[in-house]
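Quick note: the coordinates plus some simple rules give every number you see, no bench work behind them. All figures in this text were calculated on a predicted structure; none of them were measured in a lab. Cβ coordinates were reconstructed from backbone atoms using ideal geometry, including for glycine residues, and neighbour counts include every protein chain displayed.
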Amino acid sequence: MLLSNFAANAELKSELSDIMKHHALPHAVIIDGAKGTGKATLADIIAQYCVCTSEQTKPCGVCSGCMKAEKHIHPDIFIADSTLSVDAVRKIRSSAYIVPNEAPMKVYILLNCDKMLAPAQNALLKILEEPPANVQFIMTVQSASSMLATVRSRSRIFSLFPAGIREAAQIAAAHFPDKSPEEVSHAAQICDGNIGMTLRMLQNGGEEALRLAEEIFQAITLSSEYPLLTLTGQLASDRAFAVSVLDCMTEIAADCVKASFGVSVPSPVASSVAERYSKKRIAGISENILYARKILNTNVNLNLFCTWLCSVLRTY
Ligand SMILES: [Zn+2]
């Protein structure tokens, strides 16, 4: 993808385009932004710029370097998407001193650095302090504050923001031509204009997951426990579906918290929950949903999970 096709973030794109034009990219960059704002896509674009062999504007998108970068098969682009240990960082450090295979420079893309521990970050800092020539580091993180101040000070931070509901809906509509405009726009609204989340929500029965998530929220406020028990019970049949529903519930819960502080939110369900419950109770529900989402990553028994979820949503 070319920078011009990257959604939203006009100010950042203009800044980055200027930097590329003047060959002034700092040797380390941190891309920060919420999940789904396009951090990995932007990292790919910067990597493509670094390995592009065109004499003209880089990245050209058509040279062999650009094509290989796009397919993630470029020998000079190293991508790590896990929590790096000190040893892994040391390996990167020694390989960084080896000259590139075919590109003008070597690129290290370190995705999701949020959980990188201080010793590993300190090992990384050693490379950033005395970077080998022709090496580019690109780190992505949900919040730059997860990185040590010393690492941040040696990096340029590019912050990404959600595209906005209208643009997210337009992009999602192009990805899912079979979905109705109402479905697409509803998903974009619930995801508050976050493109990645909107696309994920629309994938694999996402609209069904969204519908169930909204019904669960409505049922939380009812006096009888039975409807909530029946609805949460629907999560027991399929773990992947349960994950999608919990992801949608996480989004709705975030809207409930915002609405409880008087912020206008697009989700009518979130607004109505915020009207009925205290801030403390909403915060409690939200925390329990986040906890429930984490539990789904484990090998939990789904039937027990559903009963537990129903009880914590009601009794908090
Ligand atoms: Zn190129």
Neighbour counts of other C-beta atoms within 10 Å: give me Leu110, Leu199 arranged from fewest to most.
Leu199, Leu110
Give the calculated FRET efficiency between Asp178 and Glu208 to the nearest 0.05, with a Förster radius of 22 Å applied to their Cβ-Cβ distance.
0.95
Compactness index (Cα Rg / 2.2 N^0.38 Å), region 204-315
0.98
Size of the dipole of region 204-315 about the Cα centre, Lys and Arg at +1 and Asp and Glu at -1 on the beta carbon, nothing else charged, in debye to 20?
440
To the nearest 0.05, what FRET efficiency results for Ala236 and Ala80 with a Förster distance of 41 Å applied to their C-beta separation?
0.70
Correct semi-axes for region 32-119, from √(5λ) of the alpha-carbon gyration tensor and rounded to whole Å with the largest first, are 24, 18, 9
Note: Gln142 to Ser54 extended length (0.36 nm per residue) minus current alpha-carbon separation gives 28.4 nm
Extension length gain for Ser94 and Val300 (0.36 nm per residue less Cα distance), in nm, is 70.1 nm
Using a Gaussian network model of the chain whose springs link C-alpha atoms within less than 10 Å, name the residue from Ala88, Ala40, Ala254 with the highest mean-square fluctuation.
Ala88
Compactness summary of the chain: radius of gyration and Dmax from Cα atoms, Å, are 22.1, 69
Which value results when the Cα radius of gyration for region 3-159 is divided by 2.2 N^0.38 Å?
0.97
Linear extension gain, Ile157 paired with Asn134, 0.36 nm per residue minus alpha-carbon span:
6.3 nm
So for the pair Glu102, Ala118, with labels modelled 7 Å out along Cα→Cβ, what separation do we get in nm?
4.4
Enumerate the helices in the chain for which the Kyte-Doolittle hydropathy averages 0.0 or more and the C-alpha atoms extend at least 20 Å along the helix's axis, using complete DSSP H runs.
206-220, 239-260
Take the residue pairs Lys106/Lys126; Lys71/Lys106; Lys91/Lys126; Lys35/Lys115; Lys179/Lys294 and return only those whose Cα atoms are more than 24 Å apart.
Lys179/Lys294
